Amino acid sequence: MPWLETNVHEQRLQFVMAARAPGAGLSEVCRQFGVSRTTGYRWLRRYQATQTLASVVAHSRRPQHSPQRTEAAVVARVVALRQTYGWAGRKLQVLLRAEGLTLATATIDRIIRREGLVAAADAHRPALTRFERDAPNELWQMDFKGQYPLRDGTACFPLSVLDDHSRFAVGLFPLTGTAGAPVLAALRQCFERYGLPAALLVDHGTPWWNASNGHGLTTVSVALLAQGIDLVYSGVRHPQTQGKVERFHRTLGLRLRQWGVPQDLATFAPALARFRTEYNEVRPHEATQLTPPATRYAPSPRAYQLTPRPWDYPSGWDLARVDHAGCLSHAGRRYFVCQALAGQRVAMRPLDGVLVVQYRDYYIRELDLTTGRSVPLLARVTSTPVSPMS
């Protein structure tokens, strides 16, 4: 399960947190993480050079000094275009050439990776790599199939939820928009009927991603994290990352055209229900040896929690509740954390002049106690270290 395992950068963060804890012995921490003292000292020096945990998570393997390094102005232009369009090197090369800048596509892609503009879950995964989870409910894929105009001037937004292993459609809902509350209500129906998946794969769209939030948390994503569901975000502008749900949508669109696309919401619901039954229980699927998806699916044993239990935070951390504006107060100072976490209980721990904020099993923010700066930090907390690469 490569997308759910704690990655190397997060392991480095865990190491720094453990090594900087009061009374921690470096030799013992190195033994727990399965690294040499030389490697441990190197990771600590990287952290001490910047005094930010975010830099540890995003650290690059590229040498700090390179005679071939692209000049700063060109790097800044590549970063600006990437942030504007979300494209990779091949497309950005065309725009840069029109501006008189000639760069190899490999160079542009290296800049994108070095500047942290690739999601951690996507950084080492080719976009077209085929994958399939080993068992049902290890991963669900979720997305909207665009929108269908209705005769009354409104539109229907079909929301699809598909099991990665079996291709079983656990949900298909005729929503009237992409607002968070109806999506959560639809997901609750899926959870109550089929249990909880280990993870959900989504894109960088509404309502499960918020581009203005630093690390994208929304009320939907926070609710999923509270159920113990990992969020996996697909590559920006790479729909092939969600290939199964995209292929599901192609089949859905073709069938609706064959039947006649409904013109009002009242007839959309039975049409989607009819398609879901046919797709799950009748239609042979080539990827499942020409058997219907229902023959390979079984509900999850993990039950939906109407009221998720309070999280047991580590001893020694200060507990606080995020206020209505998404802020925390500490030592008479107010810090912005995340609007989507309003009302949620979090834990805080001082570390070398910053305040590390944890929500359930994720580090989500580091707050500079001197400058007041709030830095996004979305990294999983692990209880048992594993051996990372140096």
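Of note:
- So Arg283, is it part of a loop (DSSP other than H, G, I, E, B) and of a type in the set (Lys, Arg): yes
- In the set (1) of a type outside the set (Lys, Arg); (2) within 23 Å of the chain's Cα centre (by Cα); (3) crowded, with 16+ Cβ neighbours inside 10 Å; (4) farther than 23 Å from Pro22 by Cα, Pro293 fails one condition alone, (2).
- Considering only residues in segment 30-44 that are in contact (Cβ under 8 Å) with a residue 40 or more places away in the chain and of a type outside the set (Phe, Trp, Tyr), the one that is farthest from Leu13 (Cα to Cα) turns out to be Ser36.
- Per-region count, segment 348-373, residues at pLDDT 90 or above and more than 13 Å from His330 (Cβ to Cβ): 3
- Residue-level analysis places Ala303 among those that are part of a loop (DSSP other than H, G, I, E, B) and either of a type in the set (A, V, I, L, M, F, W, C) or under 29 Å from the mean Cα position of the chain (by Cα) (or both).
- Test: residue in segment 322-329 that is among the hydrophobic types (A, V, I, L, M, F, W, C), outside the structural domain of Gly243 (by TED's automatic domain parsing) and more than 30 Å from Ala21 (Cβ to Cβ): yes
- Of all residues in segment 86-140, exactly one satisfies the criterion of being within 19 Å of Ala198 (Cβ to Cβ), among the small types (Gly, Ala, Ser) and at pLDDT 80 or above, namely Ala135.
- Checking each residue in segment 303-319 for being surrounded by 16 or more Cβ atoms within 10 Å (Cβ to Cβ) and either under 28 Å from Gly171 (Cα atoms) or in the same structural domain as Arg188 (by TED's automatic domain parsing) (or both) picks out only Tyr304.
Conditions tested, residue by residue: (1) over 17 Å from Asp230 (Cα atoms); (2) buried (at least 18 other Cβ atoms within 10 Å of the Cβ); (3) free of Cβ contacts under 8 Å to residues at least 24 places away in the same chain.
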site	(1), (2), (3)
Phe144	yes, yes, no
Gln147	yes, no, yes
Asp152	yes, no, no
Thr176	yes, no, no
Leu184	no, no, no
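- The strands (runs of 3 or more DSSP E) located wholly in segment 317-386 that include 1 or more residues which are aliphatic (A, V, I, L, M), in contact with a Phe, Trp or Tyr (Cβ under 9 Å, 6 or more places away or on another chain) and under 22 Å from Val29 (Cβ atoms) occupy 345-351, 354-359, 374-380.
The values are calculated or read from the model by the stated rules, or taken from the named source; none is laboratory data. Keep in mind the model is a prediction, meaning the values are calculated, not measured. Reconstructed Cβ throughout: ideal geometry from the backbone, glycine too, with neighbour counts over all protein chains shown.
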